[in-house]
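Novice: This is the structure, below, for whatever I ask next.
The values are calculated or read from the model by the stated rules, or taken from the named source; none is laboratory data. Here the structure is a predicted model, which means the values were calculated and not measured. Cβ: placed from backbone, ideal geometry, glycine included. Neighbour counts: every protein chain shown. Heavy atoms of the whole protein, side chains included, go into the accessibility calculation; ligands, DNA and RNA do not. Shrake-Rupley method; radii C 1.70, N 1.55, O 1.52, S 1.80 Å.
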Amino acid sequence: MILNLNNKALNPIFLMIIVVFALSGMQPLFSQNYYTTKTAPEKAQKAYKESREYAFKGDLQNSRKAVEKALKIAPTFIEALYLLTDIDITDNNLDAAEAGFRKIIELAPDHRPKVFYSYGVFLWEADRFEEAVMQLTKFLTYPQKSESLQKRATRLLSNAEFAAIATKNPVAFAPKNMGPHINSLYPEYWPSMSVDGSSFIFTRNTKRNEDFFVSKKSDGIWEEARNIGPPINTPLNEGAQTISADGKYFAYTVCNRPGDFGKCDIYYSELVQEKWTMPQNIGAPINSPLWESQPSLSADGQTLFFVRGSDNRASDKDIWVSVRQEGNNWSKPEKLGTEVNTPLAEDAPFIHPDGQTLYFVSDGHPGMGKSDIYLSKKQPDGHWGKAVNIGYPINTKGEEPAIFIALDGKKAYFASDRKGGYGSLDLYEFDLPENARPEPVTFARAMVFDMDSKTPLIASVNLKSLADGQQVTLAETDENGIFLVCLPMGTDYALEVEKKGYLFHSENFALKGVNSLDNPYELEIGLVKIPEAEELTSKEEATPVVLKNVFFESGSADLKPESVFELTRLKELLDDYPEMNIQINGHTDNVGSEEDNLSLSENRAKAVTNFLVQAGIAQERLQFKGFGETIPVDTNDTPEGRANNRRTEFIVID
C-alpha cells in the first residue's frame with residue numbers, strides 16, 4: 001500500500017512505515033499458516049486491491065472498509081494485515097496498530113523481515129526504547145537488506161539504546177526565559193556573550209531581516225537589547241556570530257551576497273577606537289564555493305572553528321578548524337576527525353574559553369534522535385576525544401539548537417519555542433549539569449601604560465606555562481593599552497609585557513586548585529623606559545624591575561626550573577642593549593634572623609648573576625647586592641605580604 005503523499009491529513013511520522021508495507025506484496029511466500037496475494041481467495045484479493053486504490057486517492061475511510069472486508073474473508077491474509085496496520089497508524093489508532101504488528105509477527109515473521117524494523121520505528125515513536133531495541137536487533141539479524149535501510153536501522157538502534165538509558169537517568173534541566181529586555185515578539189536565537197559576562201549578543205529575525213542585538217548587564221540585570229547597527233548590521237541578513245574574549249574581533253555569517261565565494265561566507269569586523277570597522281569577507285582559504293557558516297573563535301582569537309557543507313540542509317556538513325597566521329591570515333582549514341564529524345550533519349560548534357571543550361550539534365552520534373548537543377574534550381596529543389551526549393532532557397527527540405556556555409562553565413544559553421515565551425523563539429538560560437561542564441577558567445585584564453606619563457602603550461603580551469615554558473598566548477594591547485586573556489585553572493602561568501625602549505614587566509598567576517573567577521585579575525602595569533646615560537640616577541633612586549617569575553627553593557639560593565623563562569628574557573634584554581649594565585637586588589621577608597636574611601638575599605642575587613654569566617653575559621656588566629629584610633614593599637603580617645617582600649629585582653646602573 002502507498003498512501004497519497006499529497007494528503008496533508010496523513011501523519012508524516014509513519015510514511016516510511018507505509019512505504020515498507022506497500023512493498024510487502026511483491027514477494028509471495030506460500031504457507032499453511034497465512035494467505036498472501038497469490039494464495040488468498042479471489043474475493044479477498046479483489047477487496048484488498050480496492051483498498052489499495054482507495055489509499056492511493058487518500059480515501060482512508062473506504063480503504064479501511066475494503067481491507068476489513070478482505071480480512072473477514074481471509075483473517076490471515078498477511079498483506080491485508082499490513083495495510084490495515086498502516087491505516088491504523090495513520091488514523092492514530094495506535095493500540096490497534098500494535099495489535100496488527102504482533103499478529104503479523106506471530107503469523108509470518110519471515111515473510112517480510114522489515115516488519116521488525118517498522119515495529120521498531122513504531123516503538124521508538126512511542127518512547128518505548130527498550131522494546132524498540134529488541135525489534136531493531138531482530139531485524140538486523142536478517143540478510144538481504146538494502147544499504148540505506150541497514151544504515152537507518154543501525155542508527156535508530158544506537159539511538160534507542162542510548163535513549164533507553166538516558167531517559168532513566170535524566171540530568172537536571174530547568175530553563176529560565178531571559179525576559180522581555182532580550183526576548184520579543186520576534187524570534188531570537190544564536191546567543192553569545194563577552195568573556196566577562198557584561199554583554200549578551202544574539203540574532204533577532206525581524207520582519208525585515210536578521211540583525212545582531214546586544215544587551216548590557218547593569219547591577220546583575222540585562223538592559224533593553226539594542227540593535228548593534230551599522231556597519232555590521234545592514235539591510236541584508238547577518239547571523240551566527242562569535243566574538244573574541246577581549247571583545248575586539250567579531251566574526252559572523254553572511255549569505256547570498258554578490259561577489260562572495262559561496263552560498264554563505266564568514267565575515268569579520270574589528271573594534272578600533274570603540275568603533276567597529278567596515279566588515280570584510282574573511283576570504284580564502286576559509287571561505288570557498290561551498291557553504292561556510294557558524295564561526296566560533298577561541299578565547300585568544302587565534303583559532304577559528306566553523307561549519308562547511310553544500311548548504312544549510314545538507315547532510316555533508318562538518319566542523320573545520322583554521323589557525324591565525326602572521327599578517328592576520330588564516331591557515332588552510334582542516335576537518336576535525338571522526339570522533340566529532342560523522343557521515344551525517346554537524347552544526348553549531350562552540351569552543352569554550354578553556355580551549356579544551358568543544359560543544360556542537362550532530363545528527364550522527366548516538367542520541368535522542370535528529371540533532372543532539374554533544375561535547376568533545378581536547379586530548380594531550382591535540383586530537384579531539386569521543387563525542388559525549390550532554391544528556392536528556394536537554395536533548396530531546398526534536399532538533400536541538402546552538403548552545404553557548406558562559407566562562408564559569410555553569411550557565412548555558414539556547415533558543416527554544418517552548419510554551420510561555422514572548423515570541424515564536426526565545427532565549428533561555430539554565431544550569432549546565434556538572435558532567436557536561438568545561439574546565440574552570442578565569443581571566444586577566446590589564447592596562448599597560450608609561451610609568452612616567454601614564455599614557456597607554458601598545459605592547460606585546462606573552463603568556464607561558466611556568467611548568468614547561470610552553471607558550472599559551474602571544475597578543476598585543478589595543479590602542480588604549482588594554483589586553484584581556486583567559487586562563488584555564490590548574491596551571492601556573494608566567495606573564496611578560498614588553499615594548500621596545502622599555503624594561504619588561506612580569507607577573508605570575510598561581511592557579512593550581514584555585515578558582516578565582518569571581519575575582520579575576522585586574523592589573524595596572526606601568527612600563528619603565530630604558531634610561532639614556534644622562535638620565536641615570538643613583539642606585540638608591542633607580543626604579544627597580546621585580547622579576548616576579550624568578551623562584552628559589554624554600555630557604556635556599558637554588559633557582560627553581562620555572563625561573564629559566566624569566567632569566568632567559570633578562571639575558572635577551574641585555575643582548576639587545578649591549579651597553580646596559582644592571583645590578584641584581586635580593587630581598588627577603590622578616591622571618592628568621594637579620595643576619596641570615598641578609599646572607600640569603602645576597603646569595604640569591606648572586607645566583608641570578610651567575611645564571612646570566614653562564615648564559616654569556618660579561619661579568620663586568622653585572623653587580624649584585626642583598627638587602628635582607630630592610631626594604632619591605634608590603635606588610636610582613638600576612639602570608640601574601642611576606643611573599644611580596646621575598647623578591648628579586650634589577651636596576652639599570654650604567
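Novice: For the stretch 582-596, indicate whether the set of residues that are over 25 Å from ALA615 (Cβ atoms) and modelled with pLDDT under 90 is non-empty.
Specialist: Scanning the stretch 582-596, I find no residue that is over 25 Å from ALA615 (Cβ atoms) and modelled with pLDDT under 90, so the answer is no.
Novice: What residue, of LEU136, LEU123, is part of a helix (DSSP H, G or I), without any contact (Cβ under 8 Å) to a residue 60 or more places away in the chain, within 30 Å of THR396 (Cα to Cα) and in contact with an Asp or Glu (Cβ under 8 Å, 6 or more places away or on another chain)?
Specialist: The conditions single out LEU123.
Novice: Among the residues of the stretch 214-242 satisfying the criterion of being hydrophobic (A, V, I, L, M, F, W, C) and over 22 Å from GLU400 (Cα atoms), which is surrounded by the most Cβ atoms within 10 Å (Cβ to Cβ)?
Specialist: Here the answer is ALA225.
Novice: I'd like to verify a number: residues in the stretch 538-558 that are open to solvent by 50 Å² or more (accessible area, probe 1.4 Å) and either among the acidic types (Asp, Glu) or in contact (Cβ under 8 Å) with a residue 24 or more places away in the chain (or both), how many?
Specialist: Total satisfying the criteria: 9.
Novice: Can you go through VAL564, VAL591 and tell me which one is of a type in the set (Val, Ile, Thr), open to solvent by 30 Å² or more (accessible area, probe 1.4 Å), touching a helix residue (DSSP H, G or I) at 6+ places or on another chain (Cβ under 8 Å) and touching a residue at least 24 places away in the same chain (Cβ under 8 Å)?
Specialist: VAL591
Novice: Only residues that are among the hydroxyl-bearing types (Ser, Thr, Tyr) and surrounded by 15 or more Cβ atoms within 10 Å (Cβ to Cβ): list them for the stretch 180-213, please.
Specialist: Passing the criteria: SER184, TYR186, TYR189, SER192, SER194, SER199, THR203.
Novice: Restricting to the stretch 80-102, name every residue that is open to solvent by 10 Å² or more (accessible area, probe 1.4 Å) and closer than 20 Å to PRO41 by Cβ.
Specialist: LEU81, LEU84
Novice: Okay, next question. Is it the case that some residue within the stretch 461-476 is open to solvent by 70 Å² or more (accessible area, probe 1.4 Å), in contact with a Ser or Thr (Cβ under 7 Å, 6 or more places away or on another chain) and at pLDDT 85 or above?
Specialist: yes
Novice: Is at least one residue of the stretch 288-295 in contact (Cβ under 8 Å) with a residue 60 or more places away in the chain and under 21 Å from the mean Cα position of the chain (by Cα)?
Specialist: yes
Novice: Which residues, counting only those in the stretch 139-155, are part of a helix (DSSP H, G or I) and either of a type in the set (Val, Ile, Thr) or open to solvent by 50 Å² or more (accessible area, probe 1.4 Å) (or both)?
Specialist: Those that are part of a helix (DSSP H, G or I) and either of a type in the set (Val, Ile, Thr) or open to solvent by 50 Å² or more (accessible area, probe 1.4 Å) (or both): GLU147, SER148, GLN150, LYS151, ARG152, THR154, ARG155.
Novice: What pairs come up if the first residue lies in the stretch 87-100 and is under 16 Å from LYS65 (Cα atoms), the second is open to solvent by less than 50 Å² (accessible area, probe 1.4 Å) and part of a loop (DSSP other than H, G, I, E, B), and their beta carbons are under 8 Å apart, counting only those six or more places apart or on different chains?
Specialist: From residues that are under 16 Å from LYS65 (Cα atoms), the pairs are ILE89/ASN11; THR90/LEU3; THR90/LEU10; THR90/ASN11.
Novice: Could you list, in sequence order, the residues of the stretch 294-321 that are among the polar types (S, T, N, Q), surrounded by fewer than 21 Cβ atoms within 10 Å (Cβ to Cβ) and over 14 Å from SER362 (Cβ atoms)?
Specialist: Matches in the stretch 294-321: GLN302, THR303, SER310, ASN312.
Novice: Does PHE77 count as crowded, with 24+ Cβ neighbours inside 10 Å and either touching a residue at least 40 places away in the same chain (Cβ under 8 Å) or of a type in the set (Phe, Trp, Tyr) (or both)?
Specialist: Taking the combined requirement at face value, the residue satisfies it.
Novice: Take the stretch 341-369 and flag every residue that is farther than 22 Å from ASP127 by Cβ, open to solvent by less than 20 Å² (accessible area, probe 1.4 Å) and small (Gly, Ala, Ser).
Specialist: ALA345, ALA348 - these are the residues of the stretch 341-369 that are farther than 22 Å from ASP127 by Cβ, open to solvent by less than 20 Å² (accessible area, probe 1.4 Å) and small (Gly, Ala, Ser).
Novice: A further question follows. Hey, could you check the stretch 219-278 for residues that are basic (Lys, Arg) and within 26 Å of the chain's Cα centre (by Cα) and say which is farthest from PHE483 (Cα to Cα)?
Specialist: The qualifying residue farthest from PHE483 (Cα to Cα) is LYS263.
Novice: Looking only at residues that are touching a Phe, Trp or Tyr at 6+ places or on another chain (Cβ under 7 Å) and of a type outside the set (A, V, I, L, M) in the stretch 119-142, which one is nearest to LEU81 (Cα to Cα)?
Specialist: Restricting to residues being touching a Phe, Trp or Tyr at 6+ places or on another chain (Cβ under 7 Å) and of a type outside the set (A, V, I, L, M), the top hit is TYR119.
Novice: Can you tell me which residue is farthest from the chain's Cα centre (by Cα) among those in the stretch 51-74 that are surrounded by fewer than 17 Cβ atoms within 10 Å (Cβ to Cβ) and farther than 22 Å from SER118 by Cβ?
Specialist: LYS72
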